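Have a look at the structure below, then the notes.
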Amino acid sequence: MAASIGDDDLAEPIVVSSLPLETRFLPLQLRQHGGFWFPETILPGIAAVRARFAPRPSDVFLASFPKSGTTWLKALAFATAHRADHPPRAPDHPLRLRNPHDCVEFLEVPYALDPTADAFAALPSPRVIATHMPYPLLPERVTAEGAGCKVVYVCRDPKDAFVSMWLFAKKTAAAAAAEAANDDEPRPVPTPFSMEEAFELFCDGRCPAGPQWPHVSSYWEGSQRRPEKVLFLRYEEMLRDPVGNVRKLAEFMGCAFSEEEEAAGVARDIVELCSIDALKNMEVNQSGAQEYVKNEAFFRKGVAGDWSNHMTPAMAARLDGIVEDALQGSGFAF
Ligand code: A3P
């Protein structure tokens, strides 16, 4: 049976197979819904979240456009929220044994695997849950006045997000090709796509959770309307002042660092534990894997401005122009 989306506050219920299809973003098939493109396999999960997910007022959602610092935010928020049970220097800290994506799950993924199960019911409060869903697609039960839930968003320069996404997509396509080659049943092997092809798709918003700029501006608007419930962070500022941003995160989540913790340097320890070099070198992130890609793929350079090593000035100017035009009048600028 075709999966249908039971929108409670978007449009009519819809059938995934009837949505506009994009097959060039390999190895994924994307479908457009609510103005954004999503992997086809995730859409039933988004529908189930909207129809069935039961938020708790103490929930904290970590939201992002893919390749914008999700893994880092997951690590920082997890380490901050659980520091009483797991001091950041502990040798058996969960982040030393598990990838950040195994410590904080994406909301829509388990619902996509089993739309009827509530994968988060067993998590003790306060729950920290991630999502790539854009703000307008979050269930109203999460964003409504009085819902209580908090949302932390991490935003990144679209040019860096694009480059990071293209390089990551190449790795996932290579992994999918290797898997297809090992299959008993012959199936089509995804061929890698070029930077130029990926760029055209990105500029057209045809990438996972794309277009990037309304994804970002939807959360920025949310943070302007409800600053006590939506915290808008910037990847580039987190790089410049990681400790200051972790303090901000802790305060926002309702677990500000005490004077004793400040004196003991706990915020600094969390930043150190979650730094790209520390995470990259952990055994689990060197040898482990998620279902579709090796853990090591989540840790590349982790800097601002690497786009200039991959994009021509003309490409950069074109993307900047598209984004600026689209955001005109929104009050938001990168
Ligand atoms: P680059 O590919 O530009 O290096 P996401 O986690 O949303 O998938 O984003 C991935 C990007 O975040 C990658 O960027 C990755 O290197 C970077 N990243 C991963 N862990 C990080 C960390 N602990 N600190 C800073 N950046 C990190």
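The values are calculated or read from the model by the stated rules, or taken from the named source; none is laboratory data. Quantities reported herein were computed from a predicted structural model and do not represent experimental measurements. Backbone-built Cβ (ideal geometry, glycine too); neighbour counts: all protein chains shown. Heavy atoms of the whole protein, side chains included, go into the accessibility calculation; ligands, DNA and RNA do not. Shrake-Rupley method; radii C 1.70, N 1.55, O 1.52, S 1.80 Å.
For the stretch 91-246, the equivalent ellipsoid derived from the alpha-carbon gyration tensor has semi-axes of 30, 22, 18 Å in decreasing order.
Cα gyration tensor of the stretch 55-102, axes a ≥ b ≥ c as square roots of the eigenvalues: rounded (a/c below 1.5), prolate (a/b > b/c) or oblate?
On the way: a/c = 2.51, a/b = 1.30, b/c = 1.93.
Note, shape of the stretch 55-102 comes out oblate.
Beta bridges from DSSP with both residues in the chain: antiparallel share about 40 percent, rounded to the nearest 5. For the chain, carbon and sulfur atoms together expose 53% of the accessible surface, with a 1.4 angstrom probe and every protein chain in place. Here the peptides 193-206, 149-162 are ranked by packing, the mean other Cβ count within 10 Å, and the order with the highest first is 149-162, 193-206.
With 20 Å bins beginning at zero, the pair-distance distribution over Cα atoms of the chain amounts to 30, 62, 8, 0 %.
What shape does the stretch 263-314 have by the C-alpha gyration tensor, where a ≥ b ≥ c are the square roots of the eigenvalues, rounded means a/c under 1.5, and otherwise prolate means a/b greater than b/c and oblate the rest? Note, shape of the stretch 263-314 comes out oblate. Ligands, DNA and RNA aside, Thr71 has an accessible area near 20 Å² when probed at 1.4 Å.
Helical content of the chain, expressed as a calculated mean residue ellipticity at 222 nm, amounts to -12000 deg cm²/dmol (DSSP H runs of 4 or more residues, -39,500 (n - 2.57) each, divided by residue number, nearest 500).
Mind pulling the per residue volume of the convex hull built on the Cα atoms of the stretch 188-334? Å³ is fine.
Working: hull volume 24.0 nm³, N = 147.
It comes to 163 Å³ per residue, whole-number rounded.
Measuring max minus min along each principal axis, the C-alpha atoms of the stretch 157-257 give extents of 54, 30, 24 Å (largest first). Taking amide hydrogens as placed 1.01 Å from N in the peptide plane, the amide H of Cys207 sits under 5 Å from those of Trp37, each at least 5 positions away in sequence or on another chain.
Summing Lys, Arg as +1 and Asp, Glu as -1, what charge do residues with Cβ under 12 Å from the Cβ of Ser330 carry, Ser330 excluded? It would help to have the intermediate numbers written out before the result.
On the way: positive: none; negative: Glu221, Glu324, Asp325.
Within the 12 Å Cβ shell, the charges total -3.
Once all protein chains are placed together, Glu145 keeps about 140 Å² accessible to a 1.4 angstrom probe. Centre-to-centre, using Cα atoms only, the stretch 234-312 and the stretch 59-90 are separated by 8 Å. Sorting 291-302, 250-261 by their mean Cβ neighbour count within 10 Å, with the most densely packed peptide first, gives 291-302, 250-261.
The lysines within cross-link reach of Lys301, meaning a Cα-to-Cα straight distance under 30 Å and a gap of 8 or more places when in the same chain, are Lys67, Lys74, Lys150, Lys159, Lys170, Lys171, Lys248, Lys280. Leaving ligands, DNA and RNA out of it, work out the accessible area of Ile322 with a 1.4 Å probe and give it in Å² to the nearest 10. Accessible surface of Ile322 is approximately 50 Å². Using C-alpha pairs below 8 Å separated by at least 6 residues, the relative contact order for the stretch 154-258 is 26 percent.
Across the stretch 1-159, the convex hull enclosing all Cα atoms gives 136 Å³ per residue. For the stretch 97-158, just say rounded, prolate or oblate: build the C-alpha gyration tensor, square-root its eigenvalues into a ≥ b ≥ c, call rounded for a/c under 1.5, and beyond that prolate if a/b exceeds b/c, oblate if not. Since a/c stays below 1.5, the shape of the stretch 97-158 is classed as rounded.
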